[in-house]
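K.L.:
Sharing a structure here in structure tokens format.
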Amino acid sequence: PPFTSEPIMGRPLRHYRRHYTQELTTRTLTGLYRLAPTPELNQEIIGILGEAQRRYPRVELHYIVTMSNHLHALGSVDDANLMGRWSSWVFAAIARAAQFHHGFKGQVWARRHRSIVILDDASVRSSI
């Protein structure tokens, strides 16, 4: 509504920084187990990550953990915009795979993913 006493907030900005390791996190809608593991879905996610490596060879993926209702990835890149393109492509592909393998339609992710810049080696070790 254009006239309201409540402040209107936009989405939080994501800051990708060159030559820094970043943690990317996203959750499923209302915590539903949209990513519940199956051998077929696991293989599909591995294939998605392989295709992402082919499409975006400058993104260095250190690890990715997929749980039933959220995922975490840790990666580095030398071009800040490239991390955004990589994460959009990977998360969209994982969402499509989950929809196909679990037989549902509709939204998978609750919100846009969050990106946290990890500034030093000690922070990297503590996030793993």
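K.L.:
Sort the following peptides by mean Cβ neighbour count (other Cβ atoms within 10 Å, averaged over residues), highest first: 79-90, 35-46.
P.N.:
Values: 79-90: 17.4, 35-46: 14.6.
Top of the packing list down: 79-90, 35-46.
K.L.:
Can you figure out the FRET efficiency of His102 with Val65, using R₀ = 25 Å and their beta-carbon distance, to the nearest 0.05? Write out the running numbers ahead of the final one.
P.N.:
Working: r = 19 Å, r/R0 = 0.75.
Taking R0 as 25 Å, the efficiency between His102 and Val65 is 0.85.
K.L.:
Given a Förster radius of 30 Å and the C-beta distance between Asn81 and Leu29 as r, what FRET efficiency does 1/(1 + (r/R0)^6) yield to the nearest 0.05? Mind showing how you got there, number by number?
P.N.:
On the way: r = 27 Å, r/R0 = 0.91.
So the FRET efficiency works out to roughly 0.65.
K.L.:
Moving on to the next point. Ignoring ligands, DNA and RNA, what accessible area per residue does the range 34-110 give at 1.4 Å, in Å²? Present the calculation step by step, with values, prior to reporting the outcome.
P.N.:
Details: 3910 Å² over 77 residues.
I get 51 Å² per residue for this part.
The values are calculated or read from the model by the stated rules, or taken from the named source; none is laboratory data. What you see is a predicted model, and the numbers here were worked out from it, not measured in a lab. Cβ sites come from the backbone with ideal geometry, for glycine too, and all protein chains shown count toward neighbours. Heavy atoms of the whole protein, side chains included, go into the accessibility calculation; ligands, DNA and RNA do not. Shrake-Rupley method; radii C 1.70, N 1.55, O 1.52, S 1.80 Å.
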